[in-house]
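Every read-out reported here was derived from the displayed coordinates using simple, explicitly stated rules and does not represent laboratory data. It should be emphasised that the depicted structure is a prediction, and the values quoted were computed from it without experimental measurement. No Cβ is skipped: glycine too gets one built from the backbone with ideal geometry, and neighbour counts run over all protein chains shown.
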Amino acid sequence: MENKDLVQTLNEKSFPPEQKWLLDISTAHFGIHQRINNLLEEVHNSPLRPELINKKLRGVALNDLWFYKSHPEANKALKAILTLFKDFLNQKLDYQNRQLTLNTFLEFIKELTRDSGFKMQVDIFAEGVLDILEESLSDDQEMIIYASSFLKKIPVQFRKNRAYSERTTTLLKISLQENIAIWQNRLNFKKWCEKRDEFFYKEHSTAILEISKVEKKLIRDAQKKLSQANTWEDLESIPDFKEFTDKLIGLIEKEMNL
């Protein structure tokens, strides 16, 4: 089949108007056209195959972003891609696939701000970006905890505008609150060591007690900072899930000579 015949065949497929428009604007660029078509086909496939959608969405949102940004109706194209992220994240995804999708989404919005010509237009997309983040994190405790690291990486353009800085700050604060609650209620290095192995505990008892003291201090300090935090900058100084874990692992390795 010749390329033009294949393009015509692809165009005949039935997708919602916004998605069909994304397909139509790329007819002169075979590779881009094929990638968006393959993504849309997978999106509408049953049963849902999240791993494949993640891979194809990444190709469209990152590899082909230059094309959509350079299109005469770039704003419309980029909003359509935001909708693809939103619709996919609204599916019942497991933790791994939701995390992968949000990582790709973060890269996508970072790329929007790298281009100096687009930095002034970010406000056009901020509302949609924040809607996606709020909806994705609102009913998933695991993702809320993970988001404490994720949210700190959001480009400054998406959290400095007065119109929506309160929303981003609230998201980060809620995420950090969940982290501290998890640390306080579920983490207890001393108890974990006691249950693991009696001989291990006896051999490292001094180091374990020291680590336990530092662990509790880290939690107390984080609670205090959070209670006093009013701005994004205040919240940024509070250890997120990854930073807390890294500190604890580093302390364990040092005190136990592992």
Sorted peptide list for 101-109, 171-179, 85-93, 195-203, criterion being average Cβ within 10 angstrom, highest first: 171-179, 101-109, 85-93, 195-203
Scattering profile of segment 78-170 from the Debye formula, Cα beads only, expressed as log10 I(q)/I(0) at q = 0.19 Å⁻¹, is -0.88
Nearest-0.05 FRET efficiency for Asp115 and Trp21 at R0 = 22 Å, using Cβ-Cβ distance, is 0.50
Want the number for Glu73 to Asn90: 0.36 nm per residue separation, take away the alpha-carbon distance, what's left? 3.5 nm
Just the number, please: Stokes-Einstein D of the chain in µm²/s, Kirkwood Rh from C-alpha pairs, 10 °C, 1.306 mPa s. 76
Treating the beta-carbon of each Lys and Arg as +1 and of each Asp and Glu as -1, no other charges, what is the dipole magnitude of segment 126-168 about its Cα centre, to the nearest 20 debye? 460
Quick one: dipole size for segment 66-193, taken about the Cα centre, charges +1 on Lys/Arg Cβ and -1 on Asp/Glu Cβ, in debye to the nearest 20. 520
Which of Ile219, Phe67, Val122, positive extreme of dipole for the chain (C-beta unit charges): Ile219
At a temperature of 37 °C and a viscosity of 0.692 mPa s, determine how fast segment 128-258 diffuses translationally according to Stokes-Einstein, using the Kirkwood radius over alpha-carbon pairs as Rh; express D in µm²/s, rounded to the nearest whole number. 203
log10 I(q)/I(0) for segment 1-139, Debye formula on C-alpha points only (no solvent), q = 0.10, 0.18 Å⁻¹, two decimals, reads -0.33, -1.05
